[in-house]
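Take a look at the structure below.
Values in this text are rule-based calculations from the coordinates and carry no lab data. Since we're looking at a predicted model, the values are computed, not measured. No Cβ is skipped: glycine too gets one built from the backbone with ideal geometry, and neighbour counts run over all protein chains shown.
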Amino acid sequence: MAATIASFKVDHFQFLNPEGQLVTDGQPIPALARDIKQLLSLYRLMTQVRVFDKKAVALQRTGKLGTYASCLGHEAAHVAIGSAMREEDCFAPMYREYGAQMYRGVKMSEILMYWGGDERGNNFSGPKHDFPWCVPIATQCLHAAGAALAYKLHHQPRVAVSVVGDGGSSKGDFLEAINAASAWKLPLVLVIVNNQWAISVPRSKQNTAATLAQKGIAGDLHSVQVDGNDIIAARYVMDKVIAAAREGKGASVVEMMTYRLSDHTTADDARRYRDQAEVDAAWKKEPLTRLRSYLMDQGFWDEVKEEELLAECADRVQAAVEDYQQRVGDQPQAVDEMFRYMYKDLPHNLEAQRELARRYPPRGGH
Amino acid sequence: MAEITLVEAVTLALAHELEADPTVVVFGEDVGVNGGVFRATAGLQKRFGDERVIDTPLAEVMIAGMAVGMAAQGMRPVVEAQFEGFMYPMVDHIVNHAARLRHRTRGRMSCPAVFRAPWGGGIHAPEHHSDSNEATWAHFPGVRTVIPSSPARAYGLLLAAIRDPDPVVFLEPKRIYRWQREDVVDNGEELPLDVCFVLRDGSDVTLVTWGAMVKETLEAAEALDKEGISAEVIDVATVAPIDMATILESVEKTGRCVIVHEAPKHCGVGAEVAAGLADEGIWHLKAPIKRVTGYDTVMPLYRGEMNYMPSVERILDAARATLEFA
């Protein structure tokens, strides 16, 4: 006789629908939905991120920035992640979570420096213990797991949060992080920001499971799915799972459903592999419009305020661009800076190479 | 003072640092209750507890990746890979992260982790348990590659590796884990990284080696001595960054050099030594540089492994060949 020895379910959360209306369905509405002051603050940051992102793409298109990974459409997911964390928590990003990082104190000029080909962008003004951008895909999940184990061993009430994409959730590093979180009951939150596309490969080709969140169930982690374009739901879930991790109740996998409205990076052309109709449909669900509608419907926001905010954001972005251009243009890293941080102290065998490098004039990369 | 083997010296150094530094943890498969497959961590979990000597799930990528994460947050993890042949999944984390975290963040973060592994052939082990892959690590900037070849050097170099502020791959020659006993004082005194050790003074030919090949190379030097040939023997110990100054100084004196390593010849660390001599020491050379190495083949299964490994005879032939040049 066969008996069921394990079964599972995955909850999906949404409180603010694409039209900007609260989805009640008899469920209790999170307090954030009524906290207009905080919602306005989050909306301001989401808008700041979008204005910045647009400018960064424009800088790349005009030859003033290297390849750039846009975050267009991910603003609610990213801001929800960053704003749910405490400063002493640790963030291990992939490479487009600017909303989370800006909330935590990373400067826009630092983001530009990184994509502008200067390592100083990784020397964040934000938390010094946050991990730098992580390009190799999903490796950051294990760095966060290691950080979480360090906090646990030292009895510090800190949580490590890492982000991976739907594509990255196919990698062993992500799955091994789930396993590690299970084995040690780590204060860890793994967020899958599911934007439906791993460059040109759609979600449907990553695997056929109903959700990506359920990968966490194999490790007995809290595993939930949330509308990642709904800041209220995304924050609600992040608050819950971070609190659980901090209280020693174990790790979570959160799948945030969103859509990559941009190309993968500025080096990509998504028109080669996806239909515009799909992108047009996704625009109808994007995160800023729905939050704006919600705030406007209640009289807390209007066109005048929106114009003022956009102008403020543009000013701040302009200042960041000037700071970036001034640092990489007028104060570039010297030729021998590539040797400076290879080791704490330069090994003797590198001294001759450093002297060699110093003998030649800088060759500009811009 | 006690007469101990190389593997016991590893245990002694680990215990010393676990005692001295609360941020040190030993992290790997079977390192806890079992004490490691070679007993390198025997008794450590009982003494220091399971939060300092940590048995992990069987996942090398996870072990290396979490070590990076722990090290970046102020700990000093000492990872044990069960065999060098199981280190390959760790390459991504060691090369893409551990080795360059300091560089990438302009000094904001660092990765003081040690990645230990039993290394090399000659113990009749199963497949994938006998590689000599030091050149793999030596090629990548930002990580040190250190190989002890005696109990005293295992103790002193491992202490230095754990205390080093940057990542170290620490490869332990398993064939000589129990070859010799040596008096090792547990005084916490480290030996310097990034320098060669001159194991035997000589004037006619310089024999450069590391790891378990130190055994055959010293035996060859003994045999050459009986033929009236005075061989200097250098243990490179830290194969990256390499101490060419000591090797050059020796070859300046002897004018002849034979490099001995168990790893394949092509792009082996021996090629770097030979290139360094060609670059800066060629006017002192009286004879072509000879390399005695493993072949550019896969390491055979154990019935054939000694056919692969450089023998005393091959070292002697190479040394004698260099002596044929006046």
field: Selection from A:G99, A:I81, A:Q60, by position along the positive dipole direction of segment A:37-134 (Cβ)
entry: A:Q60
field: Coordinate range along principal axes, alpha carbons of segment B:1-79, Å, largest first
entry: 37, 25, 20
- prompt: What shape does segment B:175-326 have by the C-alpha gyration tensor, where a ≥ b ≥ c are the square roots of the eigenvalues, rounded means a/c under 1.5, and otherwise prolate means a/b greater than b/c and oblate the rest?
  reply: rounded
query: B:A275 to A:Q298: FRET efficiency via 1/(1 + (r/R0)^6), r the Cβ-Cβ distance, R0 56 Å, to the nearest 0.05?
result: 0.15
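Please state, as a whole number in µm²/s, the translational diffusion coefficient that the Stokes-Einstein equation yields for segment A:242-321 at 37 °C and 0.692 mPa s, with Rh defined as the Kirkwood radius across alpha carbon pairs.
Working: Rh = 16.7 Å.
Diffusion coefficient, whole number: 196 µm²/s.
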field: Tilt relative to chain B, helix B:312-323 - C-alpha long axis, 0 to 90 degrees, to 10
entry: 50
Segment B:296-326: chymotrypsin sites (Phe, Trp or Tyr not before Pro) falling in loop per DSSP and having at most 14 other Cβ within 10 Å: B:F325
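Using a Förster radius of 25 Å, what is the FRET efficiency between B:E219 and B:D183 based on their Cβ-Cβ separation? Nearest 0.05, please. List each step's numbers first, then the result.
Values: r = 22 Å, r/R0 = 0.87.
Once rounded, the FRET efficiency stands at 0.70.
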- prompt: Once the mean 1/r over all distinct Cα pairs of chain A is inverted, what Kirkwood radius in angstroms do you read off?
  reply: 21.7
query: Given +1 on the Cβ of Lys and Arg, -1 on the Cβ of Asp and Glu, and no further charges, what dipole in debye does chain A carry about its Cα centre, rounded to the nearest 20?
result: 660
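Tell me, what is the percent relative contact order of chain A, built from C-alpha pairs under 8 Å that lie six or more residues apart? Before the final figure, lay out the partial values.
Working: 629 pairs, mean separation 82.8, N = 366.
23 percent.
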message: Report, in listed order, any pair from A:K171/A:K205; A:K171/B:K174; A:K240/A:K284; A:K171/A:K284; A:K54/A:K240; A:K9/A:K215 with a Cα-Cα distance greater than 23 Å.
response: A:K171/B:K174; A:K240/A:K284; A:K171/A:K284; A:K54/A:K240
- request: Mind checking which of A:S200, A:Q225, A:Y259 is farthest towards the positive end of segment A:170-260's charge dipole, using Cβ charges of +1 (Lys, Arg) and -1 (Asp, Glu) about the Cα centre?
  value: A:S200
- prompt: Put +1 on the Cβ of every Lys and Arg and -1 on every Asp and Glu Cβ in segment B:57-173; which of B:F83, B:F170, B:H124 then has its Cα farthest towards the positive end of the dipole?
  reply: B:F170
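Return the loop-located GluC sites (Glu not before Pro) in segment B:285-326 (DSSP other than H, G, I, E, B) with at most 14 other Cβ atoms within 10 Å of their own Cβ; answer none if there are none. Intermediate values should be presented prior to the final figure.
Details: sites: B:E305, B:E313, B:E324; in loops: B:E324.
Hits after loop and neighbour filter: B:E324.
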task: Sort out for me the Cα centre separation of segment A:1-32 from segment A:76-145, rounded to whole Å.
output: 29
- prompt: What fraction of the DSSP beta bridges in the protein assembly as shown is antiparallel, stated in percent and rounded to the nearest 5?
  reply: 15
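How big is the charge dipole of segment A:309-366 about its Cα centre, in debye rounded to the nearest 20, if each Lys and Arg gets +1 on its Cβ and each Asp and Glu gets -1 on its Cβ?
On the way: 8 positive and 10 negative charges, 65 e Å.
Approximately 320 debye in magnitude.
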- prompt: Given R₀ = 56 Å, FRET efficiency for A:D220-A:I199 by Cβ-Cβ distance, to 0.05?
  reply: 0.95
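Which whole number gives the average count of other chain Cβ atoms within 10 Å of the Cβ atoms across peptide A:177-190? Walk me through the intermediate numbers first.
Working: counts 6, 1, 5, 8, 0, 1, 5, 4, 0, 1, 0, 1, 0, 0.
Mean shielding count: 2.
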query: Taking Cα pairs under 8 Å and at least six residues apart, what relative contact order does segment A:146-245 come out at, in percent?
result: 28
task: Tell me which residues come under 5 Å, amide H to amide H, from B:Y295 once H is placed; ignore anything under 5 positions away on its chain.
output: none
task: Specify whether the C-alpha gyration tensor of segment A:119-212 places it in the rounded, prolate or oblate class, a ≥ b ≥ c being the square roots of the eigenvalues: rounded for a/c under 1.5, otherwise prolate if a/b is larger than b/c and oblate if not.
output: oblate
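Looking at the protein assembly as shown, I'd like the Rg to Rh ratio, where Rg is from alpha-carbon atoms and Rh is Kirkwood's inverse mean 1/r.
Numbers: Rg = 28.8 Å, Rh = 27.6 Å.
Looking at the protein assembly as shown, the ratio lands at 1.04.
Cα-Cα pairs above 16 Å in segment B:148-220: how many percent?
Working: 1409 of 2628 pairs.
So the pairs more than 16 Å apart make up 54 percent of the total in segment B:148-220.
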Dipole magnitude of segment B:254-326, debye to nearest 20 (Cβ charges: Lys/Arg +1, Asp/Glu -1, about Cα centre): 180
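May I have the convex hull volume per residue, in Å³, for the Cα set of segment A:1-131? Don't skip to the answer; put the middle values down first.
Details: hull volume 25.7 nm³, N = 131.
Convex hull volume per residue, Cα atoms: 196 Å³.
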field: Alpha-carbon centroids, segment A:274-309 and segment A:334-359: separation in whole Å
entry: 51
